[in-house]
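Have a look at the structure below, then the notes.
FYI, it's all coordinate maths here, none of it is from the lab. All values reported here derive from a predicted model rather than from experimental measurement. Methodologically, a virtual Cβ is constructed for each residue, glycine included, from the backbone with ideal geometry; neighbour enumeration extends over all protein chains shown.
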Amino acid sequence: VVELLLERGAAIEAQDERGRTPLHLAAWSGHTAVVELLLERGAAIEAQDGDRWTPLHLAASSGHTAVVELLLERGA
């Protein structure tokens, strides 16, 4: 579904009311495959939300080890 949305022009850096991007939300939710897809499509790995948290912060605070490892491998 995410891939289809991106192909149809969804903004990869869109922000919700808390300043979180799709990458923030995927990392926070532990969706490793979505995180990987978003990074491949150019999502900003160091984007900060309204609290200045990055996707890495959210993944770590939520206990999503696989996402943390992926983000670190990609340079976070």
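Below, the figures for the structure above:
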| item | result |
| --- | --- |
| Only Lys, Arg (+1) and Asp, Glu (-1) charged, at Cβ; the chain dipole about Cα centre in debye | 80 |
| Estimated 222 nm signal from helices in the chain, with DSSP H stretches of n ≥ 4 weighted -39500 (n - 2.57), rounded to 500 | -13500 deg cm²/dmol |
| Binned Cα-Cα distances of the chain, short to long, each 5 Å bin given as a whole percent | 3, 19, 31, 26, 15, 5, 0 |
| Extension gain (nm, one decimal) between ALA10 and GLU69, 0.36 nm per residue minus Cα-Cα | 18.6 nm |
| J(HN,Hα) series, the stretch 47-53, from Karplus relation 6.51 cos²θ - 1.76 cosθ + 1.60, nearest Hz, glycine and proline x | 4, 10, 7, x, 9, 6, 8 |
